[in-house]
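The values are calculated or read from the model by the stated rules, or taken from the named source; none is laboratory data. Given the structure is predicted, the values throughout are model-derived calculations rather than measurements. Don't worry about glycine lacking a Cβ; one is built from the backbone with ideal geometry, like all the others, and counts go over all protein chains shown.
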């Protein structure tokens, strides 16, 4: 099977570190370049001793990011950079003929106006928004195969969209009144030195943030609107919890059909089960739980899997759907590598199981 040379821009953050790990051990990807301004000149083994046993760890050195040089070295370039910065590299890399898989928010939206509303600055390359593909493989697999610019989804959006999109497409839930509560590990804030994320500030503490308008709402609502065929506005509250990795999301939904009797509840339950089976029975990285099982971050951390479970509540008339994922694997780097596998024609699970 053909191999491809790949590079990572911004390889020293949490998502970059996981990308390094996945690509070093990928059977078909050849990691040829990693960039980091602060670590330029140092080897992978010096910055990430955990990779020291890998043959490349002592020869592959971090370099200053240079789009022109990267385009000569690699066919596919991952951008693990902050929003606003990623586009500065995406434009010259695409012009040079590279495929770009962007883990920032720069190309997730189709509207430059909505981007400005949520990210507080003009979009740096609005002409590329129509060309990008939202990198949610379970939904946009065929588009990913043909794309040169893949916008990998955010961690919170992945945990919300995978459970919701099949239900909205099947018209099993109402598109209005959706409520999402999500809890994320501290790595979701990125590798940075800020008081809010110091150990003594996070440990033994749970707190909400980004209320009432977290940035990820922009892509969540846009994608849900595409699925529902109508504008979706929802309530989303993220919380920081004192774990390193993992996201747990609980969704509160109104079914399209009211269920007042046991028979009605059973009928609706069968429709929901069939909907999820149709969407995910053959998906390698979505696990719909059965019986009494509920999503648990300990079962997905370190994997590219999203767990989903649901319950009907006859007392309130609501459908409750829950999901769990690793925010830096399925919520970031693993999902990006999944897209790499798809566009390259490799087995989708390559390097991920």
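Restricting 57, 36 to those that are touching a helix residue (DSSP H, G or I) at 6+ places or on another chain (Cβ under 9 Å) and over 22 Å from residue 102 (Cβ atoms) reduces the list to 57. Scanning the stretch 15-34 for residues being over 15 Å from residue 191 (Cβ atoms) and not in a helix (DSSP H, G or I) gives a total of 9. When residue 156 is evaluated against the numbered criteria (1) over 17 Å from the mean Cα position of the chain (by Cα); (2) in a helix (DSSP H, G or I); (3) within 18 Å of residue 216 (Cβ to Cβ), which criterion, by number, is the only one it fails? Single failed check for residue 156: (1).
Counting only residues that are within 23 Å of residue 326 (Cα to Cα) and touching a residue at least 60 places away in the same chain (Cβ under 8 Å), which one in the stretch 223-241 is surrounded by the most Cβ atoms within 10 Å (Cβ to Cβ)? In this case the residue turns out to be 223. Considering the stretch 116-126, and only residues there that are in contact (Cβ under 8 Å) with a residue 12 or more places away in the chain and within 18 Å of residue 89 (Cα to Cα), the residue that is surrounded by the fewest Cβ atoms within 10 Å (Cβ to Cβ) turns out to be 121.
Going residue by residue through the stretch 28-41, is there one that turns out to be in contact (Cβ under 8 Å) with a residue 60 or more places away in the chain, touching a strand residue (DSSP E or B) at 6+ places or on another chain (Cβ under 8 Å) and closer than 20 Å to residue 144 by Cβ? Yes: the stretch 28-41 contains one or more residues that are in contact (Cβ under 8 Å) with a residue 60 or more places away in the chain, touching a strand residue (DSSP E or B) at 6+ places or on another chain (Cβ under 8 Å) and closer than 20 Å to residue 144 by Cβ. Taking the stretch 19-38 as the range and being buried (at least 19 other Cβ atoms within 10 Å of the Cβ) and over 24 Å from the mean Cα position of the chain (by Cα) as the test, no residue passes. Restricting the stretch 107-138 to residues that are within 13 Å of the chain's Cα centre (by Cα) and outside any loop (DSSP other than H, G, I, E, B), the residue that is nearest to residue 213 (Cα to Cα) is 134.
To keep it simple, each residue is scored yes or no on (1) part of a strand (DSSP E or B); (2) free of Cβ contacts under 8 Å to residues at least 12 places away in the same chain; (3) within 21 Å of residue 227 (Cα to Cα).
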position: 243; (1), (2), (3): no, no, no
position: 248; (1), (2), (3): yes, no, no
position: 259; (1), (2), (3): no, no, no
position: 268; (1), (2), (3): no, no, yes
position: 272; (1), (2), (3): no, no, yes
position: 278; (1), (2), (3): no, no, yes
position: 282; (1), (2), (3): no, yes, yes
position: 307; (1), (2), (3): yes, no, yes
position: 310; (1), (2), (3): yes, no, yes
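I want to confirm something. Restricting to the stretch 165-218 and keeping residues that are out of contact with any helix residue (DSSP H, G or I) (no Cβ under 6 Å at 6 or more places or on another chain) and in a strand (DSSP E or B), which single residue is surrounded by the most Cβ atoms within 10 Å (Cβ to Cβ)? Only one residue fits best here, namely 184. Would you please name the residue that is nearest to residue 249 (Cα to Cα), looking only at residues in the stretch 331-353 that are touching a helix residue (DSSP H, G or I) at 6+ places or on another chain (Cβ under 6 Å) and in a helix (DSSP H, G or I)? Here the answer is 331. The residues listed here are 315, 311; of these, the one that is assigned by TED's automatic domain parsing to the domain that holds residue 160, surrounded by fewer than 21 Cβ atoms within 10 Å (Cβ to Cβ) and in contact with a strand residue (DSSP E or B) (Cβ under 7 Å, 6 or more places away or on another chain) is 311.
Residue-by-condition table, conditions (1) free of Cβ contacts under 8 Å to residues at least 24 places away in the same chain; (2) in contact with a strand residue (DSSP E or B) (Cβ under 7 Å, 6 or more places away or on another chain); (3) assigned by TED's automatic domain parsing to the domain that holds residue 237; (4) under 18 Å from residue 344 (Cβ atoms):
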position: 74; (1), (2), (3), (4): no, yes, no, yes
position: 78; (1), (2), (3), (4): no, yes, no, yes
position: 84; (1), (2), (3), (4): no, no, no, no
position: 141; (1), (2), (3), (4): no, no, no, yes
position: 144; (1), (2), (3), (4): no, yes, no, yes
position: 164; (1), (2), (3), (4): no, yes, yes, no
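The single condition among (1) assigned to a helix (DSSP H, G or I); (2) touching a strand residue (DSSP E or B) at 6+ places or on another chain (Cβ under 9 Å); (3) buried (at least 19 other Cβ atoms within 10 Å of the Cβ) that residue 12 does not meet is (1).
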